[in-house]
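Here the structure is laid out as structure tokens; the discussion comes afterwards.
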Amino acid sequence: MKRLAAAAAALAFATGALAGSDCDIAAPARIEARALRLPPGRTVGLALGSGSLHALAHVGVVEALEDAGVKVDVVSGTSAGAIVGALWASGIPAHDIERLALQSDWNDLGTLRLSGGLMSNGKLRTELEGILGDRPIEAWPKRFAAVATNVDNGHPKLLMTGSGALAVQASSAMPAIYAPVTVGDEKLADGALVQPVPVEAARALGANYVIAVDVAYRPYEEKVNGITGYAFQAMHILVNTLAEQGYVHVDPDTSMNPSTLGAALHAAGAAVLATDLVARGEIDRAFCAVRPPGHHASRSAAMGFCFFNNAAVGIRHALDVHGFERVALVDFDVHHGNGSEDILAGDDRVLMVSTFQRELYPYLGDIPLGPNMANVGLPRGATGEALQEAFEYVWKPRLDEFRPQLIYVSAGFDGHRADDMGGFRWVDEDYAWITRRIGEVADRHCQGRVISTLEGGYNLFALARSVAAHVRALACP
Ligand SMILES: [Zn+2]
């Protein structure tokens, strides 16, 4: 177990922020673990963020959780958070981790060799291999993921299987200081570039409750020395500055810049405004030309380019504020509207009918979540004929039986044959056709009331033509 001290020392050397052996590991453990009241049957995740030497404070956190009897099912870690997370997830009790960390001789730094002009943090891996042994991550008592960054494409890489020591080494390979670490055919660097606090990684491991621990090193508060210290300081300033300016990765597909929140609020607000206008009888048809889209956003999570579920917000506004009793949602985006289903399933005031490509993101929809869901999964390559059959044999009977007082449309145009986000082969006229059919249902049951809101559509030429066809069919049935 002495090797742990050496591993911690190698990390500490990397930080260039050592001030002797008096770091207060227990201090950040003042978490009110006993106050956590987690419902039974939930999967609890612990996300341990980066923070160089400060991340040793995670030891105090896991200790407090153990002492309070909080059962943690999955653990994710970034950079130094991955070191503590890996040790704990592999089955080493928190008190042992603390004792070893406190016993470390922080001045026994060992040596680091050069690799391709950069230093190698291979020593960290060697030491961790000594502690963790041969058991792969998937054999550990807790599920675990270390977050690294693919340096070729900038995407997060979750290391959830194989060598835990290699995963932690990759997650801790600070760019410009340490050489990237090759895992499989990918070159990986420090995960703090993409997920400083790896909440998404914990969710990917199956957690629906995540305890996130951010002990990040705050710049400007301490003096740093040495080339590594300055390099770390520069990276922390960059990461903190981007976060303060509003650049945030929500998931591998979904990022925010300083304007995103405002745009997302306007997109959901457009659905509310359209609903108000239709409910007051000022208009009977509306198209909300908005981005970001909404139908992947669930009750609790933004994902798949979506932040607020615009259609679901509008529908709930119609039901809860304007007193509608039956609202239908039609979703013909190539991707399944999993967020809309999450929010609306089981609400018998709503009927959702949809088509989507099977075995495509978000890989859901084949099993409807409620009796008010009519999900029609179609194979890759489906043409407009498949859409017509879905309407005639599934949607239309259900809609006529439901007798909606208002119809919402999640209008995604990424099923167009020119759009390579999906594999459908629909054409402009298919969107006009389905829009006319929806309009006829609306004419039969709800004085023509239809509110359509833009979802996907990524080939801009096909999108422009298809939206024009859709709006024309809405406006001039
Ligand atoms: Zn889509």
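The values are calculated or read from the model by the stated rules, or taken from the named source; none is laboratory data. Computed from a prediction, not measured in an experiment: that's the story for all the values here. Note that we place each Cβ from the backbone using ideal geometry, even for glycine, and neighbour counts take in every protein chain shown.
In table form, for the structure just shown:
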quantity	calculated
Among residues of the range 282-304, those that are buried (at least 20 other Cβ atoms within 10 Å of the Cβ), modelled with pLDDT under 95 and not small (Gly, Ala, Ser), counted	1
Total residues in the range 274-305, condition in a helix (DSSP H, G or I) and in contact with a Cys (Cβ under 7 Å, 6 or more places away or on another chain)	1
Spans of strands (runs of 3 or more DSSP E) in the range 364-477 with at least 1 residues more than 15 Å from VAL330 (Cβ to Cβ) and out of contact with any Cys (no Cβ under 7 Å at 6 or more places or on another chain)	373-378
Residue selected from the range 298-307 under the condition over 18 Å from ASP348 (Cβ atoms) and away from the ligand (no atom under 16 Å from the Cβ), by the criterion nearest to the chain's Cα centre (by Cα)	ALA301
Conditions (1) under 20 Å from the mean Cα position of the chain (by Cα); (2) within 21 Å of VAL441 (Cα to Cα); number of the one not met by MET352	(1)
The range 50-79, residues that are over 17 Å from ALA204 (Cβ atoms) and in contact with a Lys or Arg (Cβ under 7 Å, 6 or more places away or on another chain)	ALA68
Residue satisfying all of: in the range 130-154; of a type in the set (D, E, K, R) and in a loop (DSSP other than H, G, I, E, B); farthest from LEU87 (Cα to Cα) among these	ASP152
Candidate set: the range 249-265, residues that are exposed (fewer than 14 other Cβ atoms within 10 Å of the Cβ) and without any contact (Cβ under 8 Å) to a residue 40 or more places away in the chain; chosen: the one nearest to PRO362 (Cα to Cα)	SER255
Lone unmet requirement of (1) closer than 16 Å to PRO293 by Cα; (2) away from the ligand (no atom under 16 Å from the Cβ); (3) touching a helix residue (DSSP H, G or I) at 6+ places or on another chain (Cβ under 7 Å) for THR453	(2)
Pairs, first free of Cβ contacts under 8 Å to residues at least 40 places away in the same chain and hydrophobic (A, V, I, L, M, F, W, C) in the range 276-301, second surrounded by fewer than 17 Cβ atoms within 10 Å (Cβ to Cβ) and not in a loop (DSSP other than H, G, I, E, B), C-beta under 8 Å, six or more apart	ILE283/LEU277
Contacts under 6 angstrom Cβ, first residue in the range 206-217 being of a type outside the set (A, V, I, L, M), partner surrounded by fewer than 21 Cβ atoms within 10 Å (Cβ to Cβ) and part of a loop (DSSP other than H, G, I, E, B), 6 or more apart	GLY206/THR43; ASN208/ARG42; ASN208/THR43; TYR209/LEU38; TYR209/ARG42
Among the candidates VAL334, VAL350, residue that is away from the ligand (no atom under 13 Å from the Cβ) and either among the basic types (Lys, Arg) or on the phi < 0 side of the Ramachandran plot (or both)	VAL350
Residue in the range 309-324 that is nearest to VAL250 (Cα to Cα), counting only those that are within 16 Å of the ligand (Cβ to nearest atom) and not small (Gly, Ala, Ser)	ASN309
Verdict on ALA328 being of a type in the set (A, V, I, L, M), modelled with pLDDT of 95 or more, in contact with a Pro (Cβ under 6 Å, 6 or more places away or on another chain) and under 23 Å from LEU378 (Cα atoms)	yes
Test for HIS445: is it free of Cβ contacts under 8 Å to residues at least 60 places away in the same chain and within 15 Å of ARG285 (Cβ to Cβ)	yes
Test: residue in the range 39-51 that is out of contact with any helix residue (DSSP H, G or I) (no Cβ under 7 Å at 6 or more places or on another chain), under 19 Å from VAL197 (Cβ atoms), assigned to a loop (DSSP other than H, G, I, E, B) and modelled with pLDDT of 50 or more	yes
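The rows are residues; the columns are (1) within 14 Å of the ligand (Cβ to nearest atom); (2) of a type in the set (Ser, Thr, Tyr); (3) in contact with a strand residue (DSSP E or B) (Cβ under 9 Å, 6 or more places away or on another chain).
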residue: ARG291; (1), (2), (3): yes, no, yes
residue: HIS296; (1), (2), (3): yes, no, yes
residue: ALA328; (1), (2), (3): no, no, yes
residue: GLY339; (1), (2), (3): yes, no, yes
residue: LEU344; (1), (2), (3): no, no, yes
residue: LEU360; (1), (2), (3): yes, no, no
residue: ASP366; (1), (2), (3): no, no, yes
residue: LEU378; (1), (2), (3): yes, no, yes
